[in-house]
Amino acid sequence: MRPYSAYDSDTCSIARTLALIGDRWTLLVLRDVANGVRRFDELASHLGIARNVLSSRLARLAQAGLVERTAYREPGERERHEYRLSGPGRELIPILLAFMDWGDRNLAGPEGPPAVIRHAGCGARIRVALTCEEGHELGERPRLRMEPGPGSKVRSSGLPNGR
């Protein structure tokens, strides 16, 4: 089997995902929408983000199918939009929770984490766990093996990304 470095990193799913959601504002917009902050003005105010930056992030997320844009109108006001996570957007929640969990363990101050996520059904704290398809929990020091998938491509030269 070829070493991992023999494969083109441009086809990497991590690189593709980061190209779509890998900047600070996009992740924070996703976090807020996931937590019920859905209207443009509320998002702008809560995040402290410039309106043009928020507008471009929401448009990009909607175009990628991660958020759905729905029109609403308050009495006497013009039509506005609110945003909700779509199915693919909801699939990012474990990633957001993994970021949060890591930050809580490694960056929270002595007073502890700023927020705690609980299961609405039983009230227990949520934890992010790594499991295989068979349901085995892999623990804190998982032994993993990466194999080329059907979409992998061997690099065309010895230079990074075939250049």
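Rule-based calculations on the coordinates, nothing more; no lab input. Keep in mind that this is a model prediction, so the values were computed, not measured. Neighbour counts are summed over all protein chains in view; Cβ atoms, including those assigned to glycine, are modelled from backbone coordinates with ideal geometry.
Just a few scattered comments:
- Taking amide H atoms as placed 1.01 Å from N in the peptide plane, the amide H of Asp8 lies under 5 Å from those of Lys153, Val154, Arg155, each 5 or more residues away in sequence or on another chain.
- For the stretch 62-92, the set of GluC sites (Glu not before Pro) satisfying both a DSSP loop assignment and a count of at most 13 other C-beta atoms within 10 Å is given as Glu77, Glu79, Glu91.
- Net charge in the neighbourhood of Thr70 (other residues with Cβ under 12 Å of its Cβ; Lys, Arg +1, Asp, Glu -1) is +3.
- Sequentially through the stretch 79-91, phi angles give Karplus couplings (6.51, -1.76, 1.60; θ = phi - 60°) of 5, 10, 10, 10, 10, 9, 5, 7, x, x, x, 5, 5 Hz, Gly and Pro residues having no value and appearing as x.
- On Cα atoms only, tilt of 24-34 relative to the major axis of the chain in degrees: 60 degrees
- All other residues whose Cβ lies under 14 angstrom from that of Thr17 are scored, Lys and Arg at +1 and Asp and Glu at -1, for a net of -1.
- Rg followed by Dmax, in Å, when the stretch 81-148 is reduced to its Cα trace: 15.3, 46
- Within the stretch 123-157, trypsin sites (Lys or Arg not before Pro) in DSSP loop having at most 10 other beta-carbon neighbours inside 10 Å: Arg127, Arg143, Arg145
- Pair Asn106, Leu27: separation of 7 Å Cα→Cβ label points (nm): 1.0 nm
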